[in-house]
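Below is one structure, written out as structure tokens; the observations come after it.
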Amino acid sequence: MMTLFDDEEIMETYLEAYAKDIQSNEARETAERMIKMGKLSLDEIALCVPSLSMDELKKLEAEVLQMA
């Protein structure tokens with residue numbers, strides 16, 4: 001019985017981490033599209049995508065500009 005509970009807990013933790021990873025990727029992709037559009041400042045993008053820090057947005061902007 002204890003093993004079953006532990007397995008369930010492990011699976012729940014894994015699924016929560018997976019869901020957070022998906023949300024993070026979606027936020028990053030949204031911010032990347034906004035940066036590519038070039039119509040919003042990083043401050044404005046931060047308001048639209050609050051899950052990303054300003055440091056993360058600056059790094060993402062550098063990556064996007066480097067690819068262009």
Inset, instruction - Give the residue, chosen from 31, 46, 62, 19, that is in contact with a helix residue (DSSP H, G or I) (Cβ under 9 Å, 6 or more places away or on another chain), small (Gly, Ala, Ser), without any contact (Cβ under 8 Å) to a residue 24 or more places away in the chain and at negative phi. - result: 46
Inset, instruction - Scan the range 28-46 for residues that are hydrophobic (A, V, I, L, M, F, W, C) and either crowded, with 17+ Cβ neighbours inside 10 Å or in a helix (DSSP H, G or I) (or both) and jot them down. - result: 31, 34, 35, 37, 42, 45, 46
Inset, instruction - Confirm whether residue 13 is among the hydroxyl-bearing types (Ser, Thr, Tyr), at pLDDT 95 or above and part of a helix (DSSP H, G or I). - result: no
Inset, instruction - Could you tell me whether the range 11-27 includes any residue that is surrounded by 11 or more Cβ atoms within 10 Å (Cβ to Cβ) and aliphatic (A, V, I, L, M)? - result: yes
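The values are calculated or read from the model by the stated rules, or taken from the named source; none is laboratory data. Keep in mind that what you see is a predicted model, and the values were worked out from it rather than measured. For neighbour counting, all protein chains shown are included, and Cβ atoms are generated from backbone atoms with ideal geometry for every residue, glycine included.
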